[in-house]
Amino acid sequence: MGDVSNPDKIFFPDDGITKGEVVEYYREVAAVMVPSLEGRPLTLQRFPNGIDQQGFMQKNASKHFPDSIERVEVPKEGGTTTHPLVDSPDDLVYLANQGTITFHIWTSRQPHLERPDRLVLDLDPPDGGDPPRDAALSARRVLGDVGLPAGLMTTGSKGYHVVAPIDAEHDYDDIGQAARLLAGVVAVRHPDSMTTEFRKKKREDRVFVDWLRNRWAQSVVCPWSVRPRQGAPVAMPIRWEELETTDPDRWTIVDATERLDDDVAWPDAAPLDLERVAALADEHDVSADEPFDRFRD
């Protein structure tokens, strides 16, 4: 690892995991991770001095990043943000060597940044709660009710992501509203254990069915990313039959590479039928704001 600066610097103090080990991990998983990164604007979660020191979220590409790391300029209120893009293993390793622990990606990719190609429901249990397995199964059923096959990923934190790859046909306004409606259906079916309430004080020990990642300029953790938590857990795609025995932080930087040949893939992309989503929401008395209401009869 001669190309790693300060490889012996401790990045995870409780576990003795070094910067060199983090960079080497990303080198080993690059072949399976880069396809999830390609063309997607990145937000880098960096801890140059280890996770026990103050880290930061970086959206704009640094001027010193090499030219091999492409940039994409996207509008924001009052200006633009120039996100880095990773399309090669070398670029992934370079950013890991810059102290990036976690890679967060958009739900859309070039050349259709305005049109997402996946819909993600993020299932967040209450503090001290059990892994939200029932919520994951419920989210899968609701997505299936509108014709969307869904994959499953541990987040490396407390919850799971249920991910439905979709055809890149609709803009963020429509996908955000669809995700909001579908999350609402999940919550309405299980009002005692699941909720879409954003404010923690009002969740009352229920699982938060978070649809908010499906909006413009929002991001989700990339599969295979390390999380800045004790044990260096990893966001890991898993099969549905693994859900019952796999906690959200089960896989870590120490053993995640054992799954490199396991070939767990998302389902193929499917069309998202907005009228079907609206009809399901109406059936459960779940409401949405404009512009999605135009798809209701």
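The values are calculated or read from the model by the stated rules, or taken from the named source; none is laboratory data. Just so it is clear, the model here is predicted, and its values are computed rather than measured. No Cβ is skipped: glycine too gets one built from the backbone with ideal geometry, and neighbour counts run over all protein chains shown. For the accessible areas, the whole protein counts, side chains as well, though only heavy atoms, and no ligand, DNA or RNA atoms are used. Shrake-Rupley method; radii C 1.70, N 1.55, O 1.52, S 1.80 Å.
Quick one: if the Förster radius is 25 Å, what FRET efficiency do Val74 and Ala269 give, using the C-beta to C-beta distance and rounding to 0.05? Walk me through the numbers on the way to the answer.
Working: r = 22 Å, r/R0 = 0.90.
So the FRET efficiency works out to roughly 0.65.
Ignoring aspartates and glutamates fewer than eight residues from Lys63 along the same chain, the ones with Cα atoms less than 15 angstrom from its Cα are Glu73, Asp91.
Taking the Cα centre of the chain as origin, work out the dipole magnitude from +1 charges on Lys and Arg Cβ and -1 charges on Asp and Glu Cβ, in debye rounded to 20. Provide the component values of the computation, followed by the final result.
Numbers: 34 positive and 54 negative charges, 178 e Å.
Once rounded to the nearest 20, the dipole reads 860 debye.
Taking max minus min of the alpha-carbon positions on each principal axis, the chain gives extents of 62, 40, 38 Å, largest first.
What does the net charge come to around Asp210 if you take all other residues with beta carbon closer than 9 Å to its beta carbon, with K and R at +1 and D and E at -1?
-1
How large, in percent, is the carbon and sulfur part of the accessible surface of the chain at a probe radius of 1.4 Å? Working shown, then result.
Numbers: 5860 of 13410 Å².
Answer for the chain is 44 percent, counting heavy atoms of protein chains only.
Against the chain, whose longest principal axis comes from its Cα atoms, helix 274-283 is set at around 60 degrees.
Helix 133-145 axis versus longest C-alpha principal axis of the chain: approximately 60°, rounded to the nearest ten.
Averaged per residue, what accessible area in Å² does the chain show with a 1.4 Å probe, protein chains only? Please report the intermediate quantities before stating the final value.
On the way: 13410 Å² over 297 residues.
Computed with neighbouring chains in place, this is 45 Å² per residue.
Between helix 172-189 and the chain there is an angle of about 70 degrees, using the helix long axis and the longest principal axis of the Cα atoms. Among Val277, Gly184, Ala150, which residue has its Cα furthest toward the positive end of the charge dipole of the chain, with +1 on Lys/Arg Cβ and -1 on Asp/Glu Cβ? Going by the charge dipole, the pick is Gly184. Which entries of Lys9/Lys158; Lys59/Lys158; Lys9/Lys200; Lys19/Lys158 have Cα-Cα distances beyond 32 Å here? Among Lys9/Lys158; Lys59/Lys158; Lys9/Lys200; Lys19/Lys158, the Cα-Cα distance tops 32 Å for Lys9/Lys200.
Dipole magnitude for the range 71-179: computed about the Cα centre from +1 point charges on Lys and Arg Cβ and -1 point charges on Asp and Glu Cβ, it is near 280 debye.
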